[in-house]
Amino acid sequence: MDFFIDTANLDQIREAQDLGILNGVTTNPSLMAKEGIKGEENILNHYKTICEIVDGDVSAEVIATDFEGMIKEGEELAALHPQIVVKVPVTKNGIKAIKYLSGKGIRTNCTLIFSPGQALLAAKAGATYVSPFIGRIDDTSTDGIDLIYKIVDMFGTYGIETQVLAASIRHTMHIVQCAEAGADVATCPLNAILGLLKHPLTDNGLAQFLADYKKLNS
Ligand code: G3P
């Protein structure tokens, strides 16, 4: 499973990149706003900076909701850098835009996926990725991970090449569950990734090893 980081924060992106396990970045308008990035030029420059930090795919979301606007923005975003993947919401115009952009060889990430049917339609349109939002489904007292199992199973049945990019990951256990469910990618907050390292027996074991070494070598 590939690891993406779900943030527009450059320090966090650098920290994840330095760890050596990062395969890409996802952003959305809320994450850009959280970093105070505003104005078209600043936003585009921010995407370029992210592409220079990481080696992998960087999702940049369109703001337009009409078909013409979506494809115009999508083409502009894709022209910014070869690593850019155009993120498009799963609306009627979004599906049309994904079909158009994929026909032009532009890679897309269909976002705000909450059902297997939405994922199927996005895949039919040629999306490179679909992004099911598991945390937001959990918020409605329904199992978000179950959606990952269903989409992975459906894509497997038909040999669909669209990648399942699990999004809205809120904590470390979500990452493990996404891997168990067969997600191609999990896009995660940095603290959820770092949580994978934590185990008290590792800390205790290391302390014991170092203490035993010191006894004989000091
Ligand atoms: O990847 C989508 C993500 O940014 C949304 O996360 O926590 O706002 O549901 P959240």
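Bear in mind these aren't lab numbers, they're just calculated from the coordinates by the rules spelled out. Nothing here was measured: the structure is a model prediction, and the numbers come from that model. Positions of Cβ are backbone-derived with ideal geometry, glycine not excepted, and every protein chain shown enters the neighbour counts.
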**Item:** Hits in region 1-24 - residues which are polar (S, T, N, Q) and either within 16 Å of the ligand (Cβ to nearest atom) or in contact (Cβ under 8 Å) with a residue 60 or more places away in the chain (or both)
**Value:** Thr7, Asn9, Gln12, Asn23
**Within region 99-138, tally of residues that are away from the ligand (no atom under 16 Å from the Cβ), assigned to a helix (DSSP H, G or I) and either closer than 18 Å to Thr27 by Cβ or among the charged types (D, E, K, R) (or both)** = 3
**Asked** Among the residues of region 90-98, is there at least one that is without any contact (Cβ under 8 Å) to a residue 40 or more places away in the chain, in contact with a Leu (Cβ under 8 Å, 6 or more places away or on another chain) and part of a helix (DSSP H, G or I)?
**Response** yes
**Item:** Count - residues of region 52-71 that are of a type in the set (D, E, K, R) and either farther than 26 Å from Asp2 by Cβ or assigned to a loop (DSSP other than H, G, I, E, B) (or both)
**Value:** 3
**Asked** For region 25-60, which residues satisfy the criterion of being within 20 Å of Thr108 (Cα to Cα) and within 14 Å of the ligand (Cβ to nearest atom)?
**Response** Val25, Thr26, Thr27, Asn28, Pro29, Ser30, Leu31, Met32, Asp57, Val58, Ser59, Ala60
**Request:** Considering only residues that are farther than 17 Å from Glu180 by Cβ and more than 16 Å from the chain's Cα centre (by Cα), look in region 132-150 and name the one that is surrounded by the fewest Cβ atoms within 10 Å (Cβ to Cβ).
**Result:** Ser141
**Prompt:** Can you find even one residue in region 196-213 that is buried (at least 20 other Cβ atoms within 10 Å of the Cβ) and either among the small types (Gly, Ala, Ser) or closer than 22 Å to Gly56 by Cβ (or both)?
**Reply:** no
**Request:** Identify the residue in region 151-170 that is outside any helix (DSSP H, G or I) and more than 10 Å from the ligand (Cβ to nearest atom) and, among all such residues, is surrounded by the most Cβ atoms within 10 Å (Cβ to Cβ).
**Result:** Val164
**Message:** I'd like to know if region 137-160 contains one or more residues that are hydrophobic (A, V, I, L, M, F, W, C), under 29 Å from Arg14 (Cα atoms) and in contact with an Asp or Glu (Cβ under 6 Å, 6 or more places away or on another chain).
**Reply:** no
**Complete:** Taking region 25-51 and keeping only residues that are free of Cβ contacts under 8 Å to residues at least 12 places away in the same chain, in a helix (DSSP H, G or I) and farther than 18 Å from Thr187 by Cβ, one is left with Glu40, Glu41, Asn42, Ile43, Asn45
**Asked** Which residue pairs have Cβ atoms under 8 Å apart, sit 6 or more places apart or on different chains, and have a first residue in region 186-202 that is in contact (Cβ under 8 Å) with a residue 40 or more places away in the chain and part of a helix (DSSP H, G or I) and a second that is more than 12 Å from the ligand (Cβ to nearest atom) and of a type in the set (Val, Ile, Thr)?
**Response** Ile193/Ile21; Ile193/Thr172; Ile193/Ile175
